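Just below is one structure, and these are the notes that go with it.
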Amino acid sequence: MSLDKSMILAIETSCDETSIAILKDGKELLANIVSSQIDTHKEYGGVIPEVASRLHVENINICLDEALSKANVTYKDITLIVVTKGPGLIGALHVGLQAAKAISIAYDIPIIGLNHMAGHIYSNRYVSELKFPLLCLIVSGGHTELVLMKEEYDFEIIGETLDDAVGEAYDKVARVLGLAYPGGPIIDRLAKEGQPIYDVPYPKVEGDYNFSFSGIKTAILNLVTKLNNRKETFKNEDIAASFQDQVINILVDKVLLALEKHQVKQVLLAGGVSANSKLREVIKGEVNKKHPDIEVIIPPLWCCTDNAAMMAMAGFYSNNEPENLDFGVDPNLVLGE
Ligand code: KG4
Ligand code: ZN
C-alpha cells in the first residue's frame, strides 16, 4: 500500500526530549518543536525514567499545539503520523505512542512506528542526499554502532559497543569531574582549553568493528582518585582533552577499519555525540586523507540530539507498512530487525 507522505506529523518521546515535527513533501520542515527536560534531570545527575514520562505527559499536548500553529496546519491536513516505537525508556515511549494513536483514531490518519536510531541516521538527509552503499557511525547516549546501508532504509549493524555507549561515557566522566548532566557538551568545551597529557587506555575488543568504553571511564575515575589522594593539582580541562582525544581516536580507527572491507560512497555521523566539535572536525579529515572519494556527511547541529524532525525524515524514506492500532512500543528495538 502506498502511503500519502505529503504532510507528516512526527512524535518523538524516547528519552528526555518531547518533540513534534511537521514535514511537508519530505523537504519543507514546517515545525520542529523540542521541549527539553534537561533542566529537571540535571538536579538528579541523569535521566529519571518516571520523571521523564510525567514530563512528556505534561508537555506533549503543548508541543502538538505549538507545532500545528507554527506550521499553520490542522490535524485534517496531516496525511501520516510517524512515532518512535523504540529503543528508549518504556514509559516515555508510551506517551508518544498513545498520543499518536489518539490522533490517528480521531482523524483517521495512518501511523507508522519507527526506530529512533533510523531517525538519527536520517538527520543527515537535511544536509545531503544519501548515496548507497554508505557507512554510518552512530554515537548517542544509549548507542554506539557502525551501520552499513546498502540501500534506502536498509540497515545492517556491523559493529557495536559491548558495554557503555560513547555518550554514556562522556556523561559518566563528567560526573567523576563533578560536572553537570549532560556532560558531553561540557567536556567538549573544556577539552578545547586543555592538553591531552594523561594516558588513557586503548581498549582491546573482540570483533573487528566493536567498541568498549567502560574501561576508559574506569581509568579516568582511577586517575582522578589517584590525583586527589596524592593532593596533586590537576585541571579538568586536561582530563577532558585526554579522554576525548582517545575516544575520538577509537571511533575514527573503527571507521577506517570498516572502510578497508566495505566500499562505500558516503560516511555519515549520527546521534547526540555527533554534535561534538572535535569529532566533527577530525572524522572528515581522517576519512578523506585515506579515501578522498568518499563524501563525509555530518548532521546539522540542530538535528544531532533527539528531535522529531529526524523521525519525520526517516518516515518519509521508510518502507514500513501502517501499524494496526494494537501495536506497542519496544524499548529494546534493534535497527534492521
Ligand atoms: O542522541 P541523544 O540526544 O540521545 C540518545 O538517543 O541517547 O544523545 C545524547 C548524548 C548525551 O550522552 C550527551 O552527553 C551527548 O549526546 N552529547 C555530546 C555532545 N552533545 C551531546 N557528547 C559530546 N560532545 C557534545 N558536544
Ligand atoms: Zn537519540
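Taken as Cα centroids, the stretch 136-199 and the stretch 278-320 sit 15 Å apart, rounded to the nearest whole angstrom.
Three semi-axes describe the equivalent ellipsoid of the chain; taken as square roots of 5 times the Cα gyration tensor eigenvalues and ordered largest first, they are 35, 24, 16 Å. Once backbone amide H atoms are built at 1.01 Å from N, LEU268 has LEU135, CYS136, LEU137, ILE297 as its partners under 5 Å, excluding neighbours fewer than 5 places away on the same chain. Taking amide H positions as modeled 1.01 Å from N, with prolines and chain starts lacking one, the residues under 5 Å from MET7 and 5 or more places away or on another chain are ASP25, THR79, LEU80. The charge dipole of the stretch 1-76, taken about its Cα centre with unit charges on the Cβ atoms of Lys, Arg (+1), Asp and Glu (-1) only, comes to about 300 debye. Our coupling estimate for the stretch 309-314, obtained by passing each phi through the Karplus curve with A = 6.51, B = -1.76, C = 1.60 and θ = phi - 60°, is 4, 5, 5, 4, 5, 4 Hz, Gly and Pro reported as x. Carbon and sulfur: what percent of the stretch 131-298's accessible surface (1.4 Å probe)? Of the solvent-accessible surface of the stretch 131-298, carbon and sulfur hold 47 percent.
Compare the Cα positions of LEU333, PHE316, LEU148 along the charge dipole of the chain (+1 at Cβ of Lys, Arg; -1 at Cβ of Asp, Glu; about the Cα centre) and return the one farthest towards the positive end. The residue sitting most towards the positive pole is LEU148.
Relative to the dominant Cα principal axis of the chain, helix 214-229 is inclined by about 50°.
When +1 charges are put on Lys and Arg Cβ atoms and -1 charges on Asp and Glu Cβ atoms, the dipole computed for the chain relative to its Cα centre reaches about 840 debye. In the chain, a dipole from Cβ-located charges (positive for Lys and Arg, negative for Asp and Glu) runs towards its positive end, and of ILE239, SER69, HIS291 it is ILE239 whose Cα lies farthest in that direction.
Counting only DSSP H runs of at least 4 residues, each contributing -39500 (n - 2.57), and dividing by the residue count of the chain, the helix-based mean residue ellipticity at 222 nm comes to -13500 deg cm²/dmol. Note that the chain presents 44 Å² accessible area per residue, ligands and nucleic acids not counted, probe 1.4 Å.
All Cα-Cα separations within the stretch 131-298 were binned at 10 Å from zero, giving a P(r) of 10, 40, 33, 14, 3, 0, each value a whole percent of the pairs. Against the main long axis of the alpha-carbon atoms of the chain, helix 90-107 sits at an angle near 20°.
Of the trypsin sites (Lys or Arg not before Pro) found in the stretch 264-337, those that fall in a DSSP loop while having at most 14 other beta-carbon atoms within 10 Å are LYS265.
The charge dipole of the stretch 131-298, taken about its Cα centre with unit charges on the Cβ atoms of Lys, Arg (+1), Asp and Glu (-1) only, comes to about 580 debye.
Compared with the dominant principal axis of the Cα atoms in the chain, helix 166-176 is inclined by about 60°. Peptides 37-48, 4-15 ranked from most to least packed by the mean count of surrounding Cβ atoms within 10 Å: 4-15, 37-48. Averaging Cα coordinates gives a centre for the stretch 238-261 and one for the stretch 18-96; these two points are 33 Å apart. Amide H contacts under 5 Å for ALA31: ILE22, restricted to partners 5 or more places along the chain or on a different chain, H placed in the peptide plane at 1.01 Å from N.
Mean separation of Cα pairs under 8 Å and 6 or more residues apart, divided by the residue count, gives the chain a relative contact order of 25 percent. Listed values for the stretch 330-336 are Karplus-derived 3J(HN,Hα) couplings in whole Hz (6.51 cos²θ - 1.76 cosθ + 1.60, θ = phi - 60°), namely 9, x, 10, 3, 10, 4, x, and x replaces Gly and Pro.
The values are calculated or read from the model by the stated rules, or taken from the named source; none is laboratory data. It should be emphasised that the depicted structure is a prediction, and the values quoted were computed from it without experimental measurement. Quick reminder, even Gly has a Cβ in these numbers, built from the backbone with ideal geometry, and neighbours come from all protein chains shown. To get the accessible areas, we keep the full protein, side chains included, count just its heavy atoms, and leave off ligands, DNA and RNA. Shrake-Rupley method; radii C 1.70, N 1.55, O 1.52, S 1.80 Å.
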